[in-house]
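Sharing a structure, written as structure tokens. Questions coming.
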Amino acid sequence: METAVIIPTYNESDNIVALVEEILALRAVAHIIIVDDNSPDGTGQIADELARQHQEVHVIHRPDKLGLGTAYIAGFKFALGLPTDCVLTMDADFSHHPRYIPALIAHTRLYDLSIGSRYVDGGGTVNCNLWRRFLSRMGNTVARLTLGLKAGDCTAGFRCYRRQVLEAIDLDSIFSSGYSFLVEMLYKCQQLGYRIGEVPIIFENRQQGASKISRSEIWKAAYTVLRLGWERLMGRP
Ligand SMILES: Nc1nc2c(ncn2[C@@H]2O[C@H](COP(=O)(O)OP(=O)(O)OP(=O)(O)O)[C@@H](O)[C@H]2O)c(=O)[nH]1
Ligand SMILES: [Mg+2]
């Protein structure tokens, strides 16, 4: 299956070269699409250099930090313009290790959406502090209960979508611009009846660079879940 990988970046200069090289070494993906939001640390220029060296690498430059959700959407639209069968998303910080990419792609033969999951047998987290683990577990529990989501890991950004899924969803109708985009996308996939599978992964906390999750992102995510929960209650699609 021809696969495009989307990597949103904001200040990932310590990670991006090693990550792209590890992905290319797998020889499992046809395209790597880096979506950079004018990172002050020069990630965008490093990405341009990678694109000059490797024909598989494409770079989308956005003028400002516009959020993870809209970065995925920009990447999806670009990927759909290429002859890809599936589109994989992952973080740039090695929390989503490239070694799982082949299993995720293989799983997408059986499922419309495959999630690299911390919360299925064989999955887990390493080096994450108690607060991060609590936040993740809490976010998952609230999303599952409020929206009836069936996946174990509803907030994971390590995913592989079949092309048809992305073509069927009106990407411009997605409300969330930030991290809660992941929950909203999963909700839409489940509502549309797509088959969703999970591949166990060990999520490792980032070793280089800084986290971008702010307190306001957490509030925005809570609002998104409540908003979708209300729509579900009202029977709106
Ligand atoms: N283009 C773009 N990328 C972003 C934005 N916010 C975060 N990212 C990238 O999205 C990915 C996830 O962000 P992280 O800060 O690692 O968030 P996280 O993995 O949930 O949090 P940590 O575990 O603390 O690393 C990383 O590759 C970031 O560089 C944004 O506004 N725009
Ligand atoms: Mg991270």
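When the convex hull of the C-alpha atoms of the stretch 96-135 is computed, what volume per residue in Å³ does it have?
Roughly 88 Å³ of hull volume per residue.
Take the cross-link list Lys65/Lys150; Lys77/Lys220; Lys65/Lys212; Lys77/Lys212; Lys150/Lys212 and give me the ones stretching past 20 Å between alpha-carbons.
Working: Lys65/Lys150 32 Å; Lys77/Lys220 24 Å; Lys65/Lys212 11 Å; Lys77/Lys212 24 Å; Lys150/Lys212 27 Å.
Among Lys65/Lys150; Lys77/Lys220; Lys65/Lys212; Lys77/Lys212; Lys150/Lys212, the Cα-Cα distance tops 20 Å for Lys65/Lys150; Lys77/Lys220; Lys77/Lys212; Lys150/Lys212.
Given +1 on the Cβ of Lys and Arg, -1 on the Cβ of Asp and Glu, and no further charges, what dipole in debye does the stretch 107-237 carry about its Cα centre, rounded to the nearest 20?
Dipole size: approximately 220 debye.
Can you pull the Kirkwood radius for the stretch 9-122, inverse mean 1/r over Cα pairs, to one decimal in Å?
So the Kirkwood estimate lands at 14.8 Å.
Follow-up question, since we're still on this one. Considering only DSSP states other than H, G, I, E and B, which trypsin sites (Lys or Arg not before Pro) in the stretch 171-210 qualify as loop sites with at most 15 other Cβ atoms within 10 Å?
When the trypsin sites (Lys or Arg not before Pro) of the stretch 171-210 are filtered for loop state and at most 15 Cβ neighbours within 10 Å, Arg195 remain.
Next question. Which net charge results for the neighbourhood of Leu228, defined as the other residues with beta-carbon distances under 11 angstrom from its beta-carbon, given Lys and Arg at +1 and Asp and Glu at -1?
+2
I'd like the orientation of helix 43-53 relative to the chain: the angle between its Cα long axis and the longest Cα principal axis, in ° from 0 to 90, rounded to 10.
Roughly 60 degrees between the two axes.
Could you list Val126, Val17, Val165 so that the one with the fewest beta carbons within 10 Å of its beta carbon is first and the one with the most is last?
Lowest count first: Val126, Val17, Val165.
Between beta-carbons, use under 10 Å as the cut-off and find the net charge around Ser114, counting Lys and Arg +1, Asp and Glu -1.
Once all neighbours under 10 Å are counted, the net charge is +2.
Same structure, new question: Percent of Cα-Cα pairs per 5 Å bin, from 0 to the last occupied bin, for the chain, please list those.
Result returned by the calculation: 1, 7, 15, 20, 22, 18, 12, 5, 1, 0, 0.
Next question. So for Leu19, Leu66, fewest C-beta neighbours within 10 Å to most, what's the order?
Lowest to highest Cβ neighbour count: Leu66, Leu19.
Oh, and also: If you build the convex hull over the alpha carbons only and average its shadow over all orientations, what do you get for the stretch 1-66? Give it in nm² to one decimal.
For the stretch 1-66, averaging the hull's shadow over all directions gives 4.1 nm².
Output the peptides 171-177, 198-204 sorted from most to least packed, where packing is the average of other Cβ atoms within 10 Å over each peptide's residues.
198-204, 171-177
Related question: Starting from the Cα of Arg52, step 7 Å along the direction of its Cβ; do the same at Ile213; then give the gap between the two resulting points in nm.
About 3.7 nm, to one decimal.
Then there is this: Find the all-direction average of the projected area of the Cα convex hull for the stretch 105-224, expressing the result in square nanometres with one decimal place. Write down the numbers at each step before the final one.
Details: hull surface 31.3 nm².
Result: a mean projected hull area of 7.8 nm².
Here's another thing I want to ask about it. If you fit an axis through the alpha-carbon atoms of helix 181-191 and take the longest principal axis of the Cα set of the chain, what angle between them do you get, 0 to 90°, nearest 10?
In the chain, helix 181-191 runs at an angle near 60 degrees to the longest axis.
Rule-based calculations on the coordinates, nothing more; no lab input. Quantities reported herein were computed from a predicted structural model and do not represent experimental measurements. In this analysis, Cβ positions are derived from the backbone assuming ideal geometry, glycine residues included, and neighbour counts consider all displayed protein chains.
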